[in-house]
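Trainee: Below: one structure in structure tokens.
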Amino acid sequence: MIRLENIQKIYATPGRISRALDGVDLHIGQGEIFGIIGRSGAGKSTLIRMLNLLERPSQGEVWVGGQNITGFNDAQLRAFRQSVGMVFQHFNLLRSRTVLDNVCFPLKLAGMRRDEQLRRAHEMLALVGLTEHAAKYPRQLSGGQQQRVGIARALASRPRLLLCDEATSALDPETTQSILRLLLDINKRLGLTIVLITHGMDVIRAVCDRVAVIDAGKIVECGAVLDVFLHPRHPVTQSLLSESGMDAEGWREMAQGIQGRLLRLSFRGDATVQPMLSRASRELGVDLSILQGSVSRIKDTPYGQLVVSVHGDAAGQARVVELLAAEGVECEELQP
Amino acid sequence: MIFGNIDWPLIGEATIDTLLMTGFSLFFTVLIGLPLGVILFLTSRHQMLDNAPVYQVLSFIVNVLRSVPFLILLIVMIPMTRVLAGTSLGVQGAIPPLVASAAPFFARLVENVLRELDPGVSEACRAMGANSRQTVLMALIPEATTGIVAAVIVTAIALVGYSAMSGVIGGGGLGDLALRFGYQRYQTDVMIVTVVILVVMVQLLQVFGDRLVARLNRK
């Protein structure tokens, strides 16, 4: 669906050259929810604006749906943008127009007949659950409701791609969850590809299939969300995870003075709900103590990660890994 | 005898003249100043039609017209006023210099109102595939309506004041009356009446304008 090839974005101001994006290659599949995470200033806003050319790359090509959009002329680009929806952090609604007219706006731009516009807009408002607010003005709505209007507007022209620019960053946690559920629902129902940028791992965990971590204009890590969460490799990924309460290194403090073999166990899917620790303990006669752990969900998949120390005779200790691996648990030996 | 010098029909006529001068020149000021303000905004840095030469030329003209004191502009423009209005006297003769002075002022106000708008609005329009014309006409100007209305009121009030000055070169209206009777003939009562009428006029404009802005803001 989307392919970025060696994207460079350089801002040159007299006496200073800054590289907002520095050789970004990215592949995003049809129907995927793809997350881009990074700290502010890492280049994620610039990156998402490359996908509808609100920002032009200084070098490199952007391919969407088999077309090189960097080669489009103005008219082609405007037509292309009408087939891509975008949702903004601060909603960017027209305050002088009603909710209904805000949703009609992209259709009006595309020259659709008024009765068609209204029919489509009502359909979209029903989709986001705002039917009864159609005649209100944006400022009469809460932040979450305004963002729903933003989403309805973005979907009105039936786009194949939806770009979310920090769509939940201005919302409180509860509203964030409801907006994220709405995005998931839209993705499933309409088969729409969604690309979102965020600075919060919680957003990635709740909705994304794959994630790219961006730092200083470069993609430093990219993969399935589960893999990145269970085995973060880059320091930026690790620190972003630990900031959202998913600290992979917290066990070190607990492990001081503890004898026995230290293991990090990662499990996903069905393995998460199996009583494997008690089985290992019973069958091998070893004692296990948990030094750190989390069990949660990534999108629809349960996953968990535990750091345990294993006490007992040498034979039992050796067989623990074998037994757990047979259950589908990944084991990693840790050194305190 | 107090108010003995007052010729009420003459005062009525002068009041109507002032209203005509203000009204017509406001009309032409908005007609010229609004597009000028929009162009100034659009061609300024980082805006949709970013164009430094156009912006600088327009900006220079606006600054020149704004820096010439109105009284001087009135006199300097006399030959041009004769061409445009057919005369340099009376209500008609006052309108071209009033517009020449107020349009650049109003254009700057419009430029600033547009600059104060959330840049997210233009960005959203661009993302939806709007061209510049659609963005300006369908989004920016409607979004800026309240600010533009407030700018029109400020300009109208300035025009009431300026129109009084045109009495100096025989422009007619309340200013002319105040100058000829109140000042040159020492008829203080005429002076007082004209000033009171001008004050009332400005007050009415302001109150009416504030209400209009408040109503627009309620949306």
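Trainee: What 222 nm value per residue comes from the helices of chain B, counting each DSSP H run with n ≥ 4 as -39,500 (n - 2.57) and dividing by all residues, nearest 500 deg cm²/dmol?
Mentor: -24500 deg cm²/dmol
Trainee: Return the long-range amide H neighbours of A:Leu192 (sequence gap of 5 or more, or a different chain), with a cut-off of under 5 Å between placed amide H atoms.
Mentor: none
Trainee: With contacts defined as alpha carbon pairs under 8 Å and 6 or more residues apart, what's the relative contact order of chain A in percent?
Mentor: Taking the mean separation of contacting Cα pairs over the length of chain A, I get 17 percent.
Trainee: Distance from the Cα centre of region A:1-49 to that of region B:90-119, in angstrom?
Mentor: Taking the Cα centre of each part, region A:1-49 and region B:90-119 sit 43 Å apart.
Trainee: Compute the acute angle (0 to 90°) between the alpha-carbon long axis of helix A:173-190 and the principal axis of greatest extent of the alpha-carbon atoms of chain A; round to the nearest 10°.
Mentor: Value to nearest ten degrees: 70.
Trainee: Assuming R0 = 60 Å, can you tell me the calculated FRET efficiency for the pair B:Arg133 and A:Arg282, based on Cβ-Cβ distance, to the nearest 0.05?
Mentor: 0.20
Trainee: Please compute the Kirkwood hydrodynamic radius over region B:8-218, one decimal place, Å, based on all pairs of different Cα atoms.
Mentor: Computed over Cα pairs of region B:8-218, the Kirkwood hydrodynamic radius comes out at 18.5 Å.
Trainee: I want the local charge near A:Ser239. Using Cβ-Cβ distances under 13 Å, sum +1 for each Lys or Arg and -1 for each Asp or Glu among the other residues.
Mentor: Net of charged neighbours comes to -3.
Trainee: Oh, and also: Taking other Cβ within 10 Å of each residue's Cβ, how do B:Thr18, A:Thr13, B:Thr188, A:Thr46 sort, fewest first?
Mentor: In order of increasing Cβ crowding within 10 Å: A:Thr13, B:Thr188, A:Thr46, B:Thr18.
Trainee: Okay, next question. I need the phi-derived Karplus couplings for region A:2-13: 6.51 cos²θ - 1.76 cosθ + 1.60, θ = phi - 60°, integer Hz, Gly and Pro marked x.
Mentor: Per-residue couplings from phi come out as 10, 9, 9, 10, 6, 7, 10, 10, 10, 9, 10, 10 Hz.
Trainee: Run the numbers for B:Val68 and B:Asp50: contour at 0.36 nm per residue of separation, minus the present Cα-Cα distance, in nm.
Mentor: Residue separation times 0.36 nm, minus the Cα-Cα distance, leaves 3.7 nm.
Trainee: Can I ask one more? If neighbour count is taken as other Cβ atoms inside 10 Å, put A:Met254, B:Met48 in order from fewest to most.
Mentor: By the 10 Å Cβ count, ascending: A:Met254, B:Met48.
Trainee: Now for a different question. So if we plug the beta-carbon distance of A:His27 and A:His231 into 1/(1 + (r/R0)^6) with R0 = 25 Å, what FRET efficiency do we get, rounded to 0.05?
Mentor: 0.80
Trainee: Moving on. Among rounded, prolate and oblate, which fits region A:7-73 when a ≥ b ≥ c are the square roots of the eigenvalues of its C-alpha gyration tensor, a/c under 1.5 means rounded, and a/b larger than b/c means prolate?
Mentor: It is oblate, given that a/c is not under 1.5 and a/b is not larger than b/c.
Trainee: Could I ask something else about it? So for A:Thr131, B:Thr22, fewest C-beta neighbours within 10 Å to most, what's the order?
Mentor: A:Thr131, B:Thr22
Trainee: Also, quick follow-up: Which angle between 0 and 90 degrees, to the nearest 10, do you get for helix B:145-165 versus the longest principal axis of chain B when only C-alpha atoms count?
Mentor: Compared with the principal axis, the helix lies near 30 degrees.
Trainee: Using only the alpha-carbon atoms of region B:1-110, report the extent along each of the three principal axes, biggest first, to the nearest angstrom.
Mentor: 65, 26, 23
Trainee: Can you count the Lys pairs in the protein assembly as shown with C-alpha separation below 16 Å, eight or more apart or on different chains?
Mentor: Lysine pairs meeting the criterion: 5.
Trainee: Also: Could you compute the net charge surrounding A:Cys208? Neighbours are other residues with a C-beta less than 13 Å from the C-beta of A:Cys208; K and R count +1, D and E count -1.
Mentor: Residues close to A:Cys208 contribute a combined charge of -1.
Trainee: For chain A, go through all pairs of different Cα atoms, get the mean of 1/r, take its inverse, and jot down that Kirkwood value in Å.
Mentor: 22.3
Trainee: Note the angle between two axes, namely the Cα long axis of helix A:114-127 and the longest principal axis of the Cα atoms of chain A, as a number of degrees from 0 to 90, rounded to the nearest 10.
Mentor: Value to nearest ten degrees: 20.
Trainee: Considering only the protein assembly as shown, what is the antiparallel percent among its DSSP beta bridges, to the nearest 5?
Mentor: Restricted to the protein assembly as shown, the bridges split so that about 70 percent are antiparallel.
Each reported figure results from applying straightforward, stated rules to the coordinates on display, with no laboratory input. All of these numbers come straight from a predicted model, not from anything done at the bench. Ideal geometry is used to build each Cβ from the backbone, glycine not excepted, and the neighbour counts take in all protein chains shown.
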